1. Is it the case that Glu53 is within 12 Å of Pro144 (Cβ to Cβ), surrounded by 11 or more Cβ atoms within 10 Å (Cβ to Cβ) and acidic (Asp, Glu)?
2. Considering the stretch 105-118 alone, what residues qualify as being loosely packed, with under 15 Cβ neighbours inside 10 Å and part of a loop (DSSP other than H, G, I, E, B)?
3. Provide a single number: the residues in the stretch 22-42 that are at pLDDT below 55 and not small (Gly, Ala, Ser).
4. Can you tell me which of Lys55, Lys127, Lys132, Lys61 is touching a helix residue (DSSP H, G or I) at 6+ places or on another chain (Cβ under 6 Å), farther than 25 Å from Pro155 by Cβ, among the charged types (D, E, K, R) and in contact (Cβ under 8 Å) with a residue 12 or more places away in the chain?
5. When the residues of the stretch 96-107 are filtered to those that are touching a strand residue (DSSP E or B) at 6+ places or on another chain (Cβ under 7 Å) and without any contact (Cβ under 8 Å) to a residue 40 or more places away in the chain, which remaining residue is farthest from Pro155 (Cα to Cα)?
6. Go through the stretch 64-95 residue by residue and tally those that are part of a loop (DSSP other than H, G, I, E, B) and over 14 Å from Thr123 (Cα atoms).
7. Taking Ser100 and the conditions (1) in contact with a helix residue (DSSP H, G or I) (Cβ under 6 Å, 6 or more places away or on another chain); (2) at pLDDT 90 or above; (3) among the hydroxyl-bearing types (Ser, Thr, Tyr), which numbered condition does it fall short on, given that it satisfies the others?
8. Taking the criterion of being assigned to a loop (DSSP other than H, G, I, E, B) and at pLDDT 90 or above, would at least one residue in the stretch 119-140 satisfy it?
Amino acid sequence: MARRNQIMKKLLYFFFLVYFGLGCGRLSFFSKIPSYFREEIDPGLTFSELRKEPKAYMEKKVLLGGVITEIQNNPLETELRILQKPLDQRNIPIEKGYTSGQFIAVYKGYLDRLVYAPGRLITIGGKVIGQKIKDEYGRIYTYPVIMIDFLQLRPVQAPYFYPPWFEPKTGEEIDVPF
């Protein structure tokens, strides 16, 4: 009887760990976009359309992602310039994906320059509030401006480390057996 209780405790402990592990995995798999915001997004609006005519989409809610290229802090707000990247099913920007240009995201408050550094992946949700025209390198650029309702900074992925005893071989170094 005591042996049976020990086995039952171990099985219960095992199933608890499996259930907990699956629950944590499920939570980290999906992007945490508020449901009230998800309902207000126009799914037919693409970034290419928004970039061509930002004023036509004033007050529309959008969900965008990309790579931070520049950050400017003012006393009352932070302005992020973001290189747009397409979002995957989990609403995470695809690093090597096609881009349709850049946009400016405005956050009411202070964002640390070291945390929100250039090169970091970010997903933002917000309202289109206009456009900003800048003259850069002799060309005129029009950037859609988004007022941020929520943002998700994506974790930095460390580069893969090869142990010192393992050096991956290139095509020239591979020995052909025949």
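The values are calculated or read from the model by the stated rules, or taken from the named source; none is laboratory data. Model, not experiment: these values are computed from the prediction. Glycine also receives a Cβ, built like all others from the backbone with ideal geometry; neighbour counts cover every protein chain displayed.
1. yes
2. Once the filter is applied, which keeps residues that are loosely packed, with under 15 Cβ neighbours inside 10 Å and part of a loop (DSSP other than H, G, I, E, B), the stretch 105-118 yields Gly109, Tyr110, Asp112, Arg113, Leu114, Val115, Ala117, Pro118.
3. Final tally of qualifying residues: 4.
4. The match here is Lys61.
5. Across the stretch 96-107, the extreme among qualifying residues is Thr99.
6. Of the residues in that region, 3 qualify.
7. Tallying (1) in contact with a helix residue (DSSP H, G or I) (Cβ under 6 Å, 6 or more places away or on another chain); (2) at pLDDT 90 or above; (3) among the hydroxyl-bearing types (Ser, Thr, Tyr), Ser100 fails exactly one: (2).
8. Yes; the residues of the stretch 119-140 include at least one that is assigned to a loop (DSSP other than H, G, I, E, B) and at pLDDT 90 or above.
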